[in-house]
Structures are given as structure tokens and as C-alpha cells.
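To keep things clear, I will list the structure first and then write my remarks on it.
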Amino acid sequence: MIGDKSDPKRVLVAGGAGFIGSHLVDRLLANGGEVVVLDNLLTGREENLAHLQGVRGLSFVKADIVDELPRKLARGRFDQVYNLACAASPPRYQADPEHTMLTNVLGTRNLLRLAEAHRARFLLFSTSEVYGDPEMHPQREDYRGAVSCTGPRACYDEGKRAAETLTFDFARAGRVDARVVRIFNTYGPRMDPDDGRVVSNVICQALAGEPITIYGDGSQTRSFCYVDDLVDGLLALMAHDGEQPGPVNLGNPNELTVRDLVDRVVALTGTRSPVTYRPLPQDDPRRRRPDISLAQQLLGWEPKVGLQQGLEATTAYFAEELRRQPPRSGEPALAAAE
Ligand code: UDP
């Protein structure tokens, strides 16, 4: 019997200082959990947890999951281990592709072994990127994907595929009670304005009056899920007992083109920013939309926050950030993808 999952006492969140991780930490603490955040702060940011300063039950360990894990993590017992630790934005994960690959392979192995030693339930954050540039639309979990193993996205896509493989091998061998979630483009407050993702770029560019960058002709599609909805799904999957469900897609099936997204943000902000077109990055998927029937059946989960509501909340967050830290004049507000 691997741990009692109904009353989690101690939870390890690797990548807990990141955008999604910090929202997960908020919810775990609100539910009465004791949370240890493990983060190397490569793309995670301490300010994402600043509002939790002094909150009982939270502690922070700065370390890289690629390295041998700090001995202090062996103390006590974790009931649950979440592995969100990896740069997720294409410019960021491509900046050090070797490290991205190792984070997913060695880092996941290290955390699986920790979960095994603690008899903790393990949840791996995988990604819609495992479907590559998909021929099946929308993407179901049994679709095996069309991924380039040599292109610039491979360090992340193939890294996550290998992380899934390791996780299911540990599960098959009865070493760890594991869950795997494949998440689709998530957005919301605490996205890093310099991350290079389309939602953060476009909103920040619109607010700063900078040119809005569309890569390619903007006809490629994505389906954007608000972070609160995603966290609901994560908690439900972690709590789900019974048969190993295999990988589970979590995302919002509301698909739109990048051009449509830009139009929505322009209308919302009333910006006069011009739109500029940049080359489409190599291997950029043409379309992406989750089939969430499995999550609906298994967890009774589906997203509740509509795009308009989510974009309003995200825009309000970035507007506040911009007021606190206006970009220095002469500098672009945001990192370009190239
Ligand atoms: N994109 C864009 N302008 C930007 C940043 C991204 O048009 O300033 C495009 C990008 O090429 C991709 C889509 O928006 O087609 C989503 O990109 P993002 O990096 O947010 O996520 P991912 O490619 O991982 O889905």
C-alpha cells in the first residue's frame, strides 16, 4: 500500500516557484498541506512565492533536480511529489537544450527514486508537445505523435517523452504510484513577461504600446487553458485512486488562431500597437487542441474559465506589473523568440 492519499500531509513540488507551480502551491497550502518547494530558479522566480512569505507549512529548497537531490529532502516523509521542474517556453528551453533534456531524464529519475523511497504518489507534468506537429486533431492520449527527434524543440518534446517512459516503467514495476498529465498552453497571472510565450508577449506588447509580434502568418492554432482550471485538474488527478489511468490531457478545447488571440487582446486593451510579422520558428506546430474526454470521464473535470475572463485577469496582472516595473526606455519590453 503506497501512502494514504486522502489526507496529504507533506507535498514536494519540484518547479514550485514557476508560473503554474506557484498556483499549485497556493492551493496545496490552502487545503492544509505542508509544502516543500524545490526549484533551481532558472525560470522559476522567488517573487511568485513572495505573497506566501511567513505562511506556515511552506519551505523552499534551492537545488537542481539534475544533480543529486539535497539530503534534507530525505527527512520526514512526502505523501505526494509533483514534478513540474523544467523550462517550458521554447526560447527558454532551447537556450540550454542539453540541460533541458537532462532535466527531464535525470531529473525525473531522481524524483521518481525519491518518491519510491518515500512511498509517495508521483505526478509528472508532461505536455501536448509530445504530440509534436500533430496529424490527429484534436489530440487524444492514444495518439503517438509526430515529433522531430533532431529539431530545436526535441530537447523538450523528446525529453518529456523519455520522462513519461521512465514514469510508466517505474509504475509498471510497482515502484511508484504514478500519474502523468499532458498540459496544453496554460496562461494566467504570474506568467513571466520575458518568457517569450505568445500570451505574455502579446499582452505586454499591447500594454506597453510596442509592436505586437506574430510569428508566421498567425494562422497556427492553440487552445489556451486558464491556470486555475489546470490546477483543479492536477489536484483531481493526484487524488484519483484506482487503476493507473495512463497519461491524461488537461487543457481547454477552445481552439483559436494566433491572429484571433491578438485581435482579442487588441480589443481588450484598446492598444494602438501595430502588428509585425516575424518568421515562424522551426517545427512550430500548426495546430493544437486537446481531446479532454478522458479527464471528463475519469475526474469529472472540465475547464470553467472562458478566454475573455482569463485574458482580463491576465491583462490586469501584467498592467499592475508594468506599473511596478516599467520597461526602461530604449529597451524592448520583451525577449524575441529568435
Ligand atoms: N508566437 C507568436 N508571437 C509571439 C510568441 C509566440 O506568434 O510573440 C506563436 C508561436 O510561434 C506559436 C504560438 O504563438 O505558434 C504559441 O507559442 P508559445 O511559445 O506561447 O507556445 P508553444 O509554441 O509552446 O505552443
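With all pairs of different alpha carbon atoms counted, what Kirkwood hydrodynamic radius in Å does the stretch 15-102 show? Intermediate values should be presented prior to the final figure.
Details: mean 1/r = 0.0730 Å⁻¹.
Evaluated on the stretch 15-102, it is 13.7 Å.
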Next on the checklist: Based on alpha-carbon centroids, what's the gap between the stretch 5-56 and the stretch 273-301 in Å, whole number please?
Outcome noted: 26
Item to check | C-alpha long axis of helix 258-269 to longest principal axis of the chain, angle in ° | outcome: 70
Checklist entry - By how many degrees, 0 to 90 and rounded to 10, does the Cα axis of helix 154-172 deviate from the longest principal axis of the chain? => result 20
Checklist outcome for this item: Rounded to the nearest Å, the spacing of the alpha-carbon centers of the stretch 59-73 and the stretch 209-249 is 27
Item to check | Cα-based reach from K304 at 14 Å (exclusive), listing aspartates and glutamates while leaving out same-chain residues under 8 positions away | outcome: D228, D229, D232
Checklist entry - Mind checking the angle between helix 108-118 and the chain's longest principal axis? C-alpha axes, 0 to 90 degrees, to the nearest 10. => result 40
Next on the checklist: With every protein chain left in place and a probe of 1.4 Å, what is the accessible surface of L42, to the nearest 10 Å²?
Outcome noted: 110
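Counting only protein heavy atoms, what percent of the accessible surface of the stretch 22-170 is carbon or sulfur at a 1.4 Å probe?
Working: 3180 of 6550 Å².
Roughly 48 percent of what the probe reaches on the stretch 22-170 is carbon or sulfur.
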Next on the checklist: Using only the Cα atoms of the stretch 94-143, what semi-axes does the equivalent ellipsoid have when each is the square root of 5 times a gyration tensor eigenvalue? Give whole Å, largest first.
Outcome noted: 26, 18, 6
Checklist outcome for this item: For K62, counting only aspartates and glutamates whose alpha-carbon sits under 18 Å away and dropping same-chain residues fewer than eight positions off, the answer is E34, D39, E46, E47
Checklist entry - With every protein chain left in place, what is the accessible area per residue of the stretch 109-258 in square angstrom, probe 1.4 Å? => result 32
Item to check | Amide proton proximity set for A63, modelled H, under 5 Å, gap of 5+ | outcome: D39, N40
Item to check | Sum of -39500 (n - 2.57) over DSSP H runs of 4+, divided by residues of the chain (222 nm, nearest 500) | outcome: -10500 deg cm²/dmol
Checklist entry - Could you list, bin by bin from short to long, the percent of Cα-Cα pairs of the stretch 177-330 in 5 Å steps? => result 2, 9, 17, 20, 17, 14, 10, 6, 4, 1, 0, 0
Checklist entry - What is the P(r) of the chain, as percent of Cα-Cα pairs per 20 Å bin from 0? => result 32, 60, 8, 0
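The values are calculated or read from the model by the stated rules, or taken from the named source; none is laboratory data. Remember, predicted model here, so these are calculated numbers, not experimental data. The area values use the complete protein model at the heavy-atom level, side chains included, leaving out ligands, DNA and RNA. Shrake-Rupley method; radii C 1.70, N 1.55, O 1.52, S 1.80 Å.
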